[in-house]
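For reference, the structure discussed in these notes is given below.
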Amino acid sequence: MDHQQHPSAPPQVVIAGGGPVGLWLAAELRLQGTEVTVLESRTEPDPHSRATSLHPRTLELLDSRGLVEPFLAEGVRIPGGHFAALPSRLAFGRLDTPFPFTLALPQARTEHLLAEHLRTTGARLLRGHRVTGLEQDAEGVTVHVHGPDGPYRLRTGYVVGCDGTRSTVREAAGIGFPGTPATAWAWMADTHLDAPPHRPSVTNERGTLMVFPLPGGVHRVVGNDAATVHSRPGPLTFEQIRAKVGAIAGTDYGMRAAGPVSTFGNSARQADRYRLGRVLVAGDAAHSHFPAGGPGLNVGIQDAANLGWRLARVATGTAPAELLDGYHAERHPVGAELLRSTRAQAGLMTDHSPETLALRGLLAELIGGVDEFSDALAARAAGLAVAYPPAPGGDAHPLTGSRAPDLRPDGGPGLFTLLRPGRPVLLDLTGRAGADLAALSPDTTIHSAPLAWHGVTAALVRPDGHFAWLTEERHPGSLAEAATRAANSPGRAPT
């Protein structure tokens with residue numbers, strides 16, 4: 001259950017923000033035995049959903065913790081994705097993933113399911129507790145909190161700001177948030193449609209419109225109109241949005257009000273560092289952008305997956321603090337790429353000049369006719385293209401740092417199943433050395449079964465599902481080296 005008093009024992013980690021990113025990070029920390037408290041300013045979950053999409057990589061992470069089925073049961077599967085609402089869709093079916101679709105699921109339901117999972121871990125989730133400031137020193141962080149009974153202070157080892165674009169944690173720590181202000185605006189509404197469109201998007205000289213289904217027979221309508229796209233809008237009514245939809249598409253699809261309407265802009269900002277001493281940021285506290293393709297929540301959960309295993313080891317004293325440096329080193333470039341992609345898409349979606357419409361037509365032809373181009377964009381949109389650089393020094397295998405697919409050796413479970421305990425996984429793909437390795441590391445899952453995969457004979461997979469080490473050698477010393485890495489410094493390479 002949610003606890004409504006501040007904890008008596010100091011937690012090892014405090015997370016500000018109980019949205020999807022904070023909830024996922026807390027669960028990852030608890031999986032490693034870390035004492036964690038989540039402070040959420042809202043007294044009740046937000047029933048309104050800004051985000052509505054779970055991408056293939058996010059579904060893989062959920063599967064890697066045995067949690068994906070409830071999400072699949074509630075969500076609507078949309079085959080593929082899109083880039084800048086171009087008419088040629090990105091096909092996910094050619095990607096190496098068991099989840100070749102976008103799962104449409106309102107953020108409120110995602111948050112509910114993650115909160116239910118967190119409750120089973122024993123983490124403290126305190127609602128109505130708002131972080132108002134902090135100070136850090138060499139031994140820890142003092143967090144200033146305003147709770148239902150008034151202000152209090154909480155001492156902890158580390159603080160993570162998952163508290164959105166206006167992050168109090170980020171500002172109190174002195175982490176910069178440079179970027180560009182909004183110059184274009186769009187609107188959205190959740191609605192019932194009597195006559196849903198056959199095509200999910202429309203772009204012409206009058207504006208851009210996207211329509212996609214949500215659970216419960218509701219559709220989300222998102223768009224901008226050329227006449228006002230560069231003017232900051234005031235509050236819009238449902239009737240005004242219905243009129244805008246009709247002007248762009250020539251029909252309002254029989255829109256009937258179902259939920260609130262809102263507006264958003266194309267401002268783009270990124271934290272200049274994801275870690276400053278004992279304070280870290282993730283999700284919207286680390287990056288803010290135009291929601292083209294709905295990547296924000298997904299990238300935030302992937303931030304948490306990268307940070308969780310690192311912070312758990314450092315907070316519990318099983319790894320040095322330097323392990324946390326790898327979080328910024330790996331995730332800051334991912335955030336920068338996120339801003340580059342969403343800025344490019346925002347330009348294509350909010351400029352309705354003849355030149356940009358011509359560019360959209362050309363890109364749509366390339367996506368529809370050049371598989372390599374389409375697949376590259378699809379892998380990025382799906383979250384499957386992220387590859388972290390290997391640690392300096394040595395000859396790393398080309399796949400080091402890349403996301404590991406759900407490898408399924410003959411006669412054994414898939415990799416995502418093996419990752420569920422949250423420990424590193426050593427895969428012996430020769431099927432011959434398992435008995436010799438089984439006792440070498442109690443903190444590592446070791447699985448031995450034959451599999452012909454890119455010539456790789458052994459691989460060490462981090463808890464977040466990225467390769468830390470691979471080899472194509474076949475002599476026992478290669479596997480012994482991997483086992484030694486896993487036993488002595490699990491997950492430290494690359495950082």
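Read-outs: derived from the displayed coordinates by stated rules, not from any lab. Computed from a prediction, not measured in an experiment: that's the story for all the values here. Neighbour counts are summed over all protein chains in view; Cβ atoms, including those assigned to glycine, are modelled from backbone coordinates with ideal geometry.
Listed values, structure above:
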{"read-out": "Span from the the stretch 317-385 Cα centroid across to the the stretch 77-119 one, whole angstrom", "value": "16 Å"}
{"read-out": "Reference-scaled alpha-carbon Rg (2.2 N^0.38 Å with N residues) for the stretch 185-265", "value": "0.99"}
{"read-out": "Local net charge near Thr120, Cβ-Cβ under 13 Å (Lys/Arg +1, Asp/Glu -1)", "value": "+2"}
{"read-out": "Equivalent ellipsoid semi-axes, the stretch 1-148, via Cα gyration tensor eigenvalues times 5, rooted, Å", "value": "33, 16, 15"}
{"read-out": "Cα pair distances in the chain, grouped into 20 Å bins until the bin that holds the longest one, percent each", "value": "23, 54, 22, 1"}
{"read-out": "Using alpha-carbon coordinates, inclination of helix 238-249 to the longest axis of the chain, degrees", "value": "90 degrees"}
{"read-out": "Added length on full extension, which subtracts the Cα-Cα distance from 0.36 nm per residue, Arg206 to Asp46", "value": "54.2 nm"}
{"read-out": "For Phe177, net neighbour charge (Lys/Arg +1, Asp/Glu -1) across residues whose Cβ lies under 13 Å away", "value": "0"}
{"read-out": "Range in the chain, longest, excluding exposed trypsin sites (Lys or Arg not before Pro) [loop by DSSP; at most 15 other beta-carbon atoms within 10 Å]", "value": "167-431"}
{"read-out": "Integer Hz, Karplus 6.51/-1.76/1.60 couplings in order for the stretch 284-296, x for Gly and Pro", "value": "5, 5, 9, 7, 10, 6, 5, x, 5, x, x, x, x"}
{"read-out": "Beta bridges per DSSP with both ends in the chain, % antiparallel, nearest 5", "value": "75 percent"}
{"read-out": "Computed [θ] at 222 nm, helices only, for the chain once each DSSP H run of length n ≥ 4 contributes -39500 (n - 2.57)", "value": "-9500 deg cm²/dmol"}
